[in-house]
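Below is one structure, written out as structure tokens; the observations come after it.
The values are calculated or read from the model by the stated rules, or taken from the named source; none is laboratory data. Everything numeric here is computed off the predicted structure, so don't read it as measured data. In this analysis, Cβ positions are derived from the backbone assuming ideal geometry, glycine residues included, and neighbour counts consider all displayed protein chains. For accessibility, only protein heavy atoms count, side chains too; no ligands or nucleic acids. Shrake-Rupley method; radii C 1.70, N 1.55, O 1.52, S 1.80 Å.
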Amino acid sequence: MTGDPVRREVPDEQKLDVIVVGAGPCGITLANLLALWGVRAVVIDSEPEIYEHPRAVGIDDESLRTYQTVGVVERLLEDITQNTPIRYYTSWGRLMAHVEPSVRPFGWPRRNNFLQPLFEAALRERLGASDTVDLRLGSTLTGYEQDADGVCAFVEDADGTRSVLSARYLVGTDGGRSTVRRVAGIEMLGSTAPQKWLVVDVEDDSLDAPYSAVYCDPQRPVLMVPLPYGHRRWEFKLLADDDEVALSEPDRVLRELIAPRYPAGSLPRVLRSTVYWHHSRTAERFRDRRVFLAGDAAHLQPPFFGQGMNSGIRDATNLAWKLAHVINGHAGDALLDTYDTERREHASTMVQFATRMGEMYSPRNGVTERFRDLAFRGAQRIPGARDYILQMKYKPMPRYVHGAVLPYTGGVPGAPVGKMFGQPDVETVDGGRIKLDDALGTSFAVLGLHLDPETSLSPEAADWWRAIGARLVHVRAPRGGPGPEPGTRRKRPTEAANVGSVQIEDVDGFFRDWLLHRPGDEVIVLRPDRYVAAICSRNDLDAVTAQLRTTLGGGGGR
Ligand SMILES: Cc1cc2nc3c(=O)[nH]c(=O)nc-3n(C[C@H](O)[C@H](O)[C@H](O)COP(=O)(O)OP(=O)(O)OC[C@H]3O[C@@H](n4cnc5c(N)ncnc54)[C@H](O)[C@@H]3O)c2cc1C
């Protein structure tokens with residue numbers, strides 16, 4: 001590329017493994033995940049500081065599970081309000097629905113609110129503990145070239161210094177206007193809505209409304225989200241005859257749009273008001289040979305369902321372990337193709353879903369609105385439909401059919417292969433209660449339900465699992481084995497036998513119930529991202545191991 005420094009050949013051992021372009025939520029998450037596996041990477045960002053105003057305000061349970069893997073979830077939760085309900089109102093003020101998910105299928109609350117600058121700072125701080133991943137701020141990617149051996153990235157620092165970084169792979173997490181996507185020549189498919197929204201953040205908020213709310217008004221739909229530490233987000237649809245520059249001026253926003261919603265004398269302070277267009281677009285490909293797109297660089301959706309950033313975190317969670325396994329020699333390059341196969345379809349589904357939610361928030365007229373109100377209220381009288389709304393079962397969840405998963409061949413319908421696995425609590429051998437993932441390590445996990453998976457594996461197959469960093473896990477029946485004499489404590493598994501598998505106890509009966517419904521499905525293979533790779537009986541475990549080995553297509557290590 002003209003004006004870029006001259007590329008030079010870099011010996012493989014001096015190359016980075018991965019260059020991550022963009023340290024927004026998606027890039028910093030990917031970098032933290034790569035650090036878990038010792039991948040040598042740099043994440044660059046044009047900006048010298050974290051952007052001071054939030055865009056995203058809602059984080060879901062799937063994302064919190066990713067941060068559990070990273071080891072930073074408790075730190076993030078310090079600044080998060082958990083389990084915020086959401087209410088939907090008609091334009092005449094009637095409550096249509098109060099959505100308050102009470103279940104935690106993945107171990108974490110489903111709807112949570114956060115302040116993006118605090119969140120990003122905690123993730124950057126966490127990355128600071130890594131020996132293998134560096135964060136380089138004030139460095140802009142101006143272009144790159146790739147060939148069969150790697151990628152050369154052309155970078156310009158804030159003081160004008162230019163340099164070249166070489167790596168085996170490059171990931172563009174550089175947002176909606178992605179340079180990486182432009183250089184790769186990848187098109188964004190979809191549309192941009194011909195409507196604008198005014199987004200207003202306030203502080204010193206004293207409104208007694210500890211829930212998110214959507215006012216589905218055909219005239220001017222409004223959204224509000226309570227945020228930690230006395231902040232609140234307001235979003236107002238702009239009308240065709242609004243003067244957006246004049247209306248977004250803080251005093252006027254406060255007077256005309258905010259004040260009518262607060263009791264007299266209790267007005268908050270406007271921190272910022274910004275106009276946004278909402279896009280509904282997905283990249284035509286997420287991979288171009290050694291280059292990948294993730295987050296807003298790969299898909300853009302209206303914020304009506306609070307899933308833009310969460311979708312990007314899903315991308316990072318999917319891509320990170322695949323890159324790490326290929327780089328560490330545990331899998332072949334073809335595994336990286338499954339990133340596009342698995343993520344693009346779901347990202348696009350989420351874009352369409354968020355777009356439809358926006359249409360529901362903006363009924364065309366009073367008749368549409370009344371019809372919608374009746375339908376909503378009617379549905380809530382039917383128990384199944386009520387649960388569907390209240391527990392947010394309408395959220396489109398990924399189910400990977402083609403990719404790094406094996407088709408289920410057992411006989412029980414509804415096998416969750418390709419879906420995110422639930423996360424119950426389990427008990428450790430020293431009697432502690434922990435979340436399942438905390439017992440599984442960071443790679444694959446082979447869970448034997450009420451059996452030790454090692455006893456169903458040939459020595460060679462067990463060695464292969466260990467070589468790729470997998471954990472073999474014996475999930476013991478709740479309070480199984482011989483009981484103690486009265487007045488004594490029961491024997492813990494470590495005292496009972498010298499076994500190679502990790503021992504955990506099914507303290508809440510989650511796996512007991514699984515076996516009651518799915519008697520032959522005694523072994524569950526979980527991927528590092530906690531999606532189910534395979535389900536089988538103990539007799540099929542060697543064969544399933546061989547098939548997964550072929551699917552991953554790798555060797556023993558780097
Ligand atoms: C009003 C609004 C509300 C939203 N609410 C939610 C919500 O509640 N929940 C949710 O999940 N999502 C929400 N979103 C969407 C969410 O904000 C985005 O999806 C998310 O921020 C995207 O993260 P990202 O890391 O992919 O990209 P970005 O956050 O855009 O980060 C990209 C980074 O790349 C850097 N960069 C760009 N070009 C270069 C370059 N050439 N070289 C080096 N660095 C570069 C930028 O400086 C930036 O730091 C909302 C969005 C808006 C606008």
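Residues checked against (1) assigned to a helix (DSSP H, G or I); (2) touching a residue at least 60 places away in the same chain (Cβ under 8 Å):
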| residue | (1), (2) |
| --- | --- |
| V429 | no, yes |
| V446 | no, yes |
| P478 | no, no |
| G481 | no, no |
| E485 | no, no |
| F511 | yes, yes |
Exercise for review: Select from region 56-91 the residues that are surrounded by fewer than 18 Cβ atoms within 10 Å (Cβ to Cβ) and of a type in the set (K, R) and write down the one among them that is nearest to the ligand (Cβ to nearest atom).
Suggested key: R87
Review point. Within region 353-367, restricting attention to residues that are surrounded by fewer than 15 Cβ atoms within 10 Å (Cβ to Cβ) and under 30 Å from F286 (Cα atoms), which residue is nearest to the chain's Cα centre (by Cα)?
Key: R356
Point to revise | Residue count for region 387-407, restricted to those that are surrounded by 17 or more Cβ atoms within 10 Å (Cβ to Cβ) and modelled with pLDDT of 90 or more | key: 6
Study note, to complete from the structure: Residue set R476, R518, R489; condition farther than 27 Å from L335 by Cα and in contact with a His (Cβ under 8 Å, 6 or more places away or on another chain); output residue R476
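Consider R272 carefully, then state whether it is more than 14 Å from the ligand (Cβ to nearest atom), in contact (Cβ under 8 Å) with a residue 60 or more places away in the chain, touching an Asp or Glu at 6+ places or on another chain (Cβ under 7 Å) and among the basic types (K, R). Give the derivation first.
Numbers: more than 14 Å from the ligand (Cβ to nearest atom): no; in contact (Cβ under 8 Å) with a residue 60 or more places away in the chain: yes; touching an Asp or Glu at 6+ places or on another chain (Cβ under 7 Å): yes; among the basic types (K, R): yes.
So R272 fails the test.
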Check your understanding: Within region 330-349, is even one residue near the ligand (Cβ under 9 Å from one of its atoms) and either surrounded by fewer than 22 Cβ atoms within 10 Å (Cβ to Cβ) or touching a residue at least 60 places away in the same chain (Cβ under 8 Å) (or both)?
Key -> no
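So, in region 174-199, how many residues would count as being open to solvent by 10 Å² or more (accessible area, probe 1.4 Å) and of a type in the set (V, I, T)? Steps first, please.
Quick first cut of region 174-199, residues open to solvent by 10 Å² or more (accessible area, probe 1.4 Å) only: 174-177, 179, 181-196.
Still in the list and also of a type in the set (V, I, T): 179, 183, 186, 192.
Final tally of qualifying residues: 4.
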Study note, to complete from the structure: Considering residues that are surrounded by fewer than 18 Cβ atoms within 10 Å (Cβ to Cβ) and within 16 Å of the ligand (Cβ to nearest atom), the number found within region 207-228 is 2
Review point. How about region 314-329: which of its residues are under 15 Å from the mean Cα position of the chain (by Cα) and more than 16 Å from the ligand (Cβ to nearest atom)?
Key: W321
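Just to be sure, is D288 within 15 Å of the chain's Cα centre (by Cα), charged (D, E, K, R), open to solvent by 10 Å² or more (accessible area, probe 1.4 Å) and at pLDDT 95 or above? Reasoning before the result, please.
Values: within 15 Å of the chain's Cα centre (by Cα): no; charged (D, E, K, R): yes; open to solvent by 10 Å² or more (accessible area, probe 1.4 Å): yes; at pLDDT 95 or above: yes.
Here the answer is no, as D288 does not meet what is asked.
Being more than 13 Å from the ligand (Cβ to nearest atom), crowded, with 22+ Cβ neighbours inside 10 Å, touching a residue at least 12 places away in the same chain (Cβ under 8 Å) and among the hydroxyl-bearing types (S, T, Y) is true for just one of Y169, Y144. Which residue is that?
Values: Y144 fails: more than 13 Å from the ligand (Cβ to nearest atom).
Y169 is the lone residue from the list that is more than 13 Å from the ligand (Cβ to nearest atom), crowded, with 22+ Cβ neighbours inside 10 Å, touching a residue at least 12 places away in the same chain (Cβ under 8 Å) and among the hydroxyl-bearing types (S, T, Y).
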Exercise for review: With the condition kept exactly as written, say whether any residue in region 32-51 is open to solvent by 30 Å² or more (accessible area, probe 1.4 Å), under 30 Å from S139 (Cα atoms), at pLDDT below 95 and within 15 Å of the ligand (Cβ to nearest atom).
Suggested key: yes
Exercise for review: Would you mention how many residues in region 229-257 are outside any strand (DSSP E or B) and open to solvent by 10 Å² or more (accessible area, probe 1.4 Å)?
Suggested key: 20
Point to revise | Given (1) of a type in the set (A, V, I, L, M); (2) open to solvent by less than 30 Å² (accessible area, probe 1.4 Å); (3) touching a Lys or Arg at 6+ places or on another chain (Cβ under 9 Å), number of the condition L95 does not satisfy | key: (2)
Exercise for review: Consider V103 carefully, then state whether it is buried (at least 18 other Cβ atoms within 10 Å of the Cβ) and more than 17 Å from the chain's Cα centre (by Cα).
Suggested key: no
Review point. In this structure, does R281 turn out to be of a type in the set (K, R), assigned to a helix (DSSP H, G or I) and within 14 Å of the ligand (Cβ to nearest atom)?
Key: no
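Do we find that D438 is more than 25 Å from S348 (Cβ to Cβ), touching a strand residue (DSSP E or B) at 6+ places or on another chain (Cβ under 9 Å), free of Cβ contacts under 8 Å to residues at least 60 places away in the same chain and surrounded by 16 or more Cβ atoms within 10 Å (Cβ to Cβ) in this structure?
Values: more than 25 Å from S348 (Cβ to Cβ): yes; touching a strand residue (DSSP E or B) at 6+ places or on another chain (Cβ under 9 Å): yes; free of Cβ contacts under 8 Å to residues at least 60 places away in the same chain: no; surrounded by 16 or more Cβ atoms within 10 Å (Cβ to Cβ): yes.
No.
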Point to revise | Those residues of region 135-191 which are in contact with a Lys or Arg (Cβ under 7 Å, 6 or more places away or on another chain) and among the acidic types (D, E), in sequence order | key: E145, E156
**Study point:** Scope region 147-166; condition open to solvent by less than 10 Å² (accessible area, probe 1.4 Å) and either away from the ligand (no atom under 13 Å from the Cβ) or farther than 22 Å from A297 by Cα (or both); matching residues
**Key:** G150, V151, C152
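Can we say L16 is within 16 Å of the ligand (Cβ to nearest atom), touching a strand residue (DSSP E or B) at 6+ places or on another chain (Cβ under 9 Å) and open to solvent by less than 20 Å² (accessible area, probe 1.4 Å)? I'd like the intermediate steps shown before the answer.
Working: within 16 Å of the ligand (Cβ to nearest atom): yes; touching a strand residue (DSSP E or B) at 6+ places or on another chain (Cβ under 9 Å): yes; open to solvent by less than 20 Å² (accessible area, probe 1.4 Å): no.
No: the conditions fail for L16.
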Study note, to complete from the structure: The number of residues in region 298-313 that are near the ligand (Cβ under 6 Å from one of its atoms) and either out of contact with any Phe, Trp or Tyr (no Cβ under 9 Å at 6 or more places or on another chain) or assigned to a loop (DSSP other than H, G, I, E, B) (or both) is 6
